Amino acid sequence: YLPFIVKAVVASLKRFPNMNGHVDDDDMAFIQRGSYHIGIAVASERGLVVPVVRNADRKSILELEQEIRRLADAVRTNKLTQDDLGGSTFTITSLGKEGGIFATPIINYPEVAIMGIHKMAKRPMVVDDEIKVRDMMNLSLSFDHRLIDGHVGAAFTYSVIKLLQNPDRLMMEMA
């Protein structure tokens, strides 16, 4: 499901451009990026490593899946290249493999935001006034309040959620 999350994040970054960039520490200026280089945090024996899916906005779901798999394999086999690291504009980290349903991710410096995805689990949900069991996942967003206020952070998160809940809309965003 990660390629779909990447697509939903990129579509939302286009709507909320202040989420896609970094702060220049010398003059405290925000540097907005026009590219969408998404860091994907990967656990390894050496700790957490964040390789980068470059130009994620230009990749299909299949290309994203292949690139994410390639990067994760490169992390685990210690075969990352320098080109695989650095330059990310936003990071996605999975916090749920070990069973967690809520945590607060730490921003991948010098970015201004990071989204945590948590364990998918079946949960009750009201659909058309009936209780249905659905696969659900919590998302959490950490962001730099020097540039992004809570309203914008919440609106960004809601945008990602709505795209993930509505696959037809997400597919239209990818066209």
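Please check: in the Gaussian network model of the chain (C-alpha springs, under 10 Å), which one of 29, 41, 56 has the largest mean-square fluctuation.
Among 29, 41, 56, the largest mean-square fluctuation in the Gaussian network model of the chain belongs to 29.
So for region 2-174: antiparallel DSSP bridges make up what percent, rounded to the nearest 5?
75 percent
Return a whole-number percent for the relative contact order of region 2-174, with Cα pairs under 8 Å and 6 or more residues apart as the contact set.
With pairs under 8 Å counted, the relative contact order is 22 percent.
Going toward the positive end of the dipole of region 41-175, with +1 on Lys and Arg Cβ and -1 on Asp and Glu Cβ, which of 158, 75, 120 do you reach last?
Positive-end residue among those listed: 75.
For the chain, modelled as a Gaussian network with Cα springs under 10 Å, which listed residue fluctuates most, 134, 76, 15?
Greatest mean-square fluctuation among the candidates belongs to 134.
Just need the Rg to Rh number for the chain, please, alpha carbons only, Kirkwood Rh.
When Rh is taken as the Kirkwood radius, the ratio is 0.97.
Evaluate the charge dipole of the chain about its Cα centre and quote only its size in Debye, nearest 20, assuming +1 on the Cβ of each Lys and Arg and -1 on the Cβ of each Asp and Glu.
520 debye
As a test of the formula, what do you get for the chain when each DSSP H run with n ≥ 4 contributes -39,500 (n - 2.57) and the sum is divided by the residue count, at 222 nm and rounded to the nearest 500 deg cm²/dmol?
-10000 deg cm²/dmol
By counting other Cβ atoms within 10 Å of each Cβ, how are 171, 137 ranked from fewest to most?
Fewest-to-most Cβ neighbours within 10 Å comes out as 171, 137.
Cα atoms only: what Rg and Dmax, in Å, come out for region 35-117?
12.4, 33
All of the numbers you see were taken from the coordinates with simple rules; none came from a lab. Keep in mind that this is a model prediction, so the values were computed, not measured. All Cβ positions, glycine included, derive from the backbone under ideal geometry; neighbour counts span all protein chains shown.
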